[in-house]
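Quick note: the coordinates plus some simple rules give every number you see, no bench work behind them. All of these numbers come straight from a predicted model, not from anything done at the bench. In this analysis, Cβ positions are derived from the backbone assuming ideal geometry, glycine residues included, and neighbour counts consider all displayed protein chains.
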């Protein structure tokens, strides 16, 4: 059978299996085993266990459970609420300071936790009721938090960037740096839209300031600065050549857990056990998907699917940017239905040869891919962040939350366009810090 036709058949089969309700990891293994048996015979199954466990034999993978523990430790405390309060008090003289405080808190909490749902929950529980109390439109109050929460998969440390780096054998350190400026760009676009939408609502009092004393401004800092210090320390250790990402993540996880215990008095052993238990469950889920995706990638390569697609793309007389538009449409649609980790692990083996053949930078493409995944987090039918926000404010309809989020989707699309026009937004910082990629 022609490899391209076989590739289309595999794609359709994968979609059918995943939509049947089977977990992503199991679904990938089922599809891989089925096609390997059909075209390579039963003996091909003997390699599956070796490939499955071999994919997990990577020191870099240790960073995933460590960063998850780091985020879970922070999410288990009042760090999100304290961060929100600190920014509100210090940005009080900025017009529209409340909505800017929410988005700033989302950006910083994302950097500390690396989790989009955790960011939505932590900042939303405090920010949404406060914005509603002061008269902000419900769409702005919920949409800004939902969109701000998506920054968790872009601003480092990002689990999706780690997964992309492992799947494509790309430097995780470069990927982390590549997400910094695009993350700040998105924060700026989100803030600009929120201020404009607030001003357009007609209630200019919402843009007025509220006075806080210097005592009130400083009293909240001791509860926030240790976590911020840990993030700065983690990034310095990683890029200063002090430690590898995995070693840095382990120290960061230990320090975050210690801060949660000392500053937030998390003395209850059962709560600490819950943090470790939940982190283990999430880590195992991600690692299982990574191992299954390794088998799936082997199947695609063994049946010459990946190579044939790359060769076919290379022979097409198509403008590379037309190809990139098609890839973005595919990623957006995939993000509507699947979690970011699953999309990256399934699509990277196929898309990486395509984008490199077309002359695009894989580091730059990682940022483009991640922003597409962010769009999926605030878009139906899955739209995880939408449901998190709805759980925080159940009296606000899901439709209102969705409509409030759509302008932020437009901001993300604008960011993708800007990254296409000015790729240095993503590539300049990695090259400035770590030198040109070899």
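Observations
- Förster-model FRET efficiency, 45 Å R0, residue 410 and residue 4, C-beta, rounded to 0.05: 0.80
- Most fluctuating residue given options 158, 110, 13, as computed from a GNM of the chain linking Cα atoms under 10 Å: 13
- In degrees, nearest ten, helix 63-75 long axis to first principal axis of the chain (Cα): 20 degrees
- Peptides 269-279, 295-305 ordered by average Cβ neighbours within 10 Å, highest first: 295-305, 269-279
- Counting every pair of alpha carbons in the range 17-147, the share spaced more than 23 Å apart comes to 54 percent.
- For the chain, the longest principal axis of the C-alpha atoms and the axis of helix 340-357 are separated by about 60°.
- Selected from 66, 37, 373 as most flexible by GNM, with the chain as the system and alpha-carbon contacts under 10 Å: 37
- Shape call, the range 232-387: gyration tensor on alpha carbons, a/c limit 1.5: prolate
- Global size of the chain as Cα Rg and Dmax, reported in angstrom: 22.2, 74
- In a fully extended conformation the segment linking residue 47 and residue 403 would gain 123.3 nm over its present Cα-Cα distance, using 0.36 nm per residue.
- A Förster distance of 25 Å, applied to the separation of the beta-carbon atoms of residue 277 and residue 169, puts the FRET efficiency at 0.20.
- On Cα atoms only, tilt of 79-90 relative to the major axis of the chain in degrees: 50 degrees
- Residue with peak Gaussian network fluctuation, the chain [Cα springs, cutoff 10 Å], from 142, 119, 400: 400
- Whether the range 115-266 is rounded, prolate or oblate, judged on the alpha carbon gyration tensor where a/c under 1.5 counts as rounded: oblate
- Between residue 39 and residue 60, the contour length at 0.36 nm per residue exceeds the alpha carbon distance by 4.2 nm.
- If the segment from residue 417 to residue 285 were pulled out straight at 0.36 nm per residue, it would be longer than the present Cα-Cα gap by 44.2 nm.
- Residues residue 200 and residue 12, FRET efficiency given R0 of 56 Å [Cβ-Cβ distance, rounded to 0.05]: 0.80
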